[in-house]
Amino acid sequence: MMTTPKSTITITDVAKAAGVSKSAVSYALNGKPGVSDDTRAKVLDVARAMGWRPNSAAKSLSDAHTRSIGVVLLVADAENFGSGAYEMDCLAGLSKVLDSRDYSITLRMSAGGAKAACRIHEDWIASGKVDAHLVLNVALGDPRMALFRSHPEAKALFVAPREISGGLPTLYSSDSDGSRLLVRHLHDLGHRTIARIAGPEEYAHTLVRDRGAADECARLGMRCTTLHGPYLASAGAQLCDTLLDFGERPTAIICDTDVTAVAALRTAAARGVRVPEDLSVISWDDSPSCLSTLPELTSLHCDVKAIGRKAGEMLLRLIDGESVEAEPEDPYTLMVRSSTAPVLVP
């Protein structure tokens with residue numbers, strides 16, 4: 001009985017030989033739009049010379065749903081993966097919705113930033129390994145936005161400020177409103193000189209929060225000093241130390257995440273700075289850690305699992321062929337606890 005030898009040629013082999021991207025090879029070999037006629041002809045010629053032959057069964061499989069959503073998490077380094085609760089809670093909410101439709105999550109980590117994540121998404125687009133993509137932690141000028149604009153056939157949802165998403169399917173939050181809410185809370189308590197331990201400057205939501213806080217402080221006649229750093233406890237401690245060393249020490253600090261807020265509490269205590277008598281501290285995200293500190297942390301609450309659930313619903317609608325544009329998350333609510341108090345009058 002004669003058998004046909006199985007070809008070992010891969011998309012990567014053809015892409016390297018033809019000097020084009022893997023996604024261009026995938027489109028050319030599968031007869032899909034997205035490449036010029038010249039590029040398609042070049043890829044086909046190179047592939048045939050390497051021994052590639054059309055395989056209708058394989059093509060049929062590549063066009064089928066994989067029942068998977070691709071997510072690439074940007075991490076400072078693999079050892080600190082999971083140090084914050086936001087991504088895990090978001091994925092928990094996403095998973096709950098996907099389970100109802102027998103979908104799973106294909107998860108990758110990238111310590112190389114958005115450019116490295118872009119390469120992973122491009123591989124998924126070329127290979128058809130996922131039916132849709134969820135994009136988190138969007139940076140200013142993020143190359144992932146350009147990637148998905150150049151591949152309109154790929155279904156992707158961005159969790160990002162709509163100010164920068166430029167018409168891509170987006171789930172957005174009211175980060176500016178959240179910043180203003182926190183500033184007004186401190187103003188009502190008599191604080192006039194405050195500070196922020198903000199997230200990385202390259203993140204789009206950081207810029208939106210910065211602007212909201214600065215505008216509200218200017219409107220209310222308050223002074224605000226903002227320092228930026230990664231969402232790590234070590235950064236929270238270091239930046240809190242820096243703020244407490246200022247000549248005009250702030251009477252309140254707003255932290256962009258619970259991890260840095262808990263670190264700021266510990267740093268203040270180690271220096272003999274009383275919270276909230278000498279310094280009020282506010283967090284953002286309101287994870288369970290806010291209730292495990294002494295004093296308990298005042299925090300801006302968002303239901304992160306609900307964000308994941310809504311993202312899942314929007315992704316499934318995209319997969320079903322529905323039009324999805326920009327939709328809002330639920331609004332923030334302020335959870336007032338014992339880490340904030342009125343300014344003590346000397």
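The values are calculated or read from the model by the stated rules, or taken from the named source; none is laboratory data. Treat the numbers as computed from the prediction; the structure is a model and nothing was measured. Glycine gets a Cβ as well: all are built from the backbone with ideal geometry, and neighbour counts include every protein chain shown. Note: accessible area is taken over every heavy atom of the protein model, side chains too, but ligands, DNA and RNA are not part of it. Shrake-Rupley method; radii C 1.70, N 1.55, O 1.52, S 1.80 Å.
Some observations on this one:
- Set side by side, the residues V304, V273, V324 differ, and just one is open to solvent by less than 20 Å² (accessible area, probe 1.4 Å) and in contact with a Lys or Arg (Cβ under 6 Å, 6 or more places away or on another chain), which is V324.
- Exactly one residue out of L171, L182 is at pLDDT 95 or above, among the aliphatic types (A, V, I, L, M), touching a strand residue (DSSP E or B) at 6+ places or on another chain (Cβ under 6 Å) and within 12 Å of M222 (Cβ to Cβ), and it is L182.
- The residues in the range 4-34 that are of a type in the set (V, I, T) and either modelled with pLDDT of 70 or more or part of a helix (DSSP H, G or I) (or both) can be counted, and the count is 6.
- Residue count for the range 246-255 satisfying the condition of being within 17 Å of R337 (Cα to Cα) and touching a helix residue (DSSP H, G or I) at 6+ places or on another chain (Cβ under 7 Å): 4.
- Residues of the range 244-260 that are free of Cβ contacts under 8 Å to residues at least 60 places away in the same chain and either touching a Phe, Trp or Tyr at 6+ places or on another chain (Cβ under 9 Å) or surrounded by fewer than 22 Cβ atoms within 10 Å (Cβ to Cβ) (or both): L244, D245, F246, G247, E248, R249, P250, C255.
- If the condition is being within 26 Å of S23 (Cβ to Cβ), free of Cβ contacts under 8 Å to residues at least 12 places away in the same chain and hydrophobic (A, V, I, L, M, F, W, C), then the range 85-119 contributes only A116.
- Test: residue in the range 130-148 that is open to solvent by 10 Å² or more (accessible area, probe 1.4 Å), out of contact with any helix residue (DSSP H, G or I) (no Cβ under 8 Å at 6 or more places or on another chain) and of a type in the set (G, A, S): yes
- Residue list for the range 84-104, filter: buried (at least 16 other Cβ atoms within 10 Å of the Cβ) and either hydroxyl-bearing (S, T, Y) or not in a helix (DSSP H, G or I) (or both): G84, A85, Y86, S95, Y103
- Condition check for H191: in contact (Cβ under 8 Å) with a residue 40 or more places away in the chain and open to solvent by 20 Å² or more (accessible area, probe 1.4 Å): no
- A117 being in contact with a His (Cβ under 7 Å, 6 or more places away or on another chain), at pLDDT 90 or above, buried (at least 22 other Cβ atoms within 10 Å of the Cβ) and not basic (K, R): no
- One residue from S179, S234, S174 being buried (at least 18 other Cβ atoms within 10 Å of the Cβ), polar (S, T, N, Q) and out of contact with any helix residue (DSSP H, G or I) (no Cβ under 6 Å at 6 or more places or on another chain): S174
- Filter result (of a type in the set (D, E, K, R) and modelled with pLDDT of 95 or more) within the range 291-310: E296, R309, K310
- Selection status of T225, within 13 Å of I197 (Cβ to Cβ), among the polar types (S, T, N, Q) and crowded, with 21+ Cβ neighbours inside 10 Å: no
- Test: residue in the range 328-343 that is within 28 Å of P152 (Cα to Cα), over 18 Å from the mean Cα position of the chain (by Cα), open to solvent by 40 Å² or more (accessible area, probe 1.4 Å) and of a type in the set (G, A, S): no
- Among the strands (runs of 3 or more DSSP E) confined to the range 246-340, the ones with at least 2 residues that are under 21 Å from P230 (Cβ atoms) are located at 252-255, 280-285, 298-301.
- Selection count where residues are over 30 Å from A139 (Cα atoms), open to solvent by 60 Å² or more (accessible area, probe 1.4 Å), in a loop (DSSP other than H, G, I, E, B) and at pLDDT 65 or above, scope the range 46-76: 2
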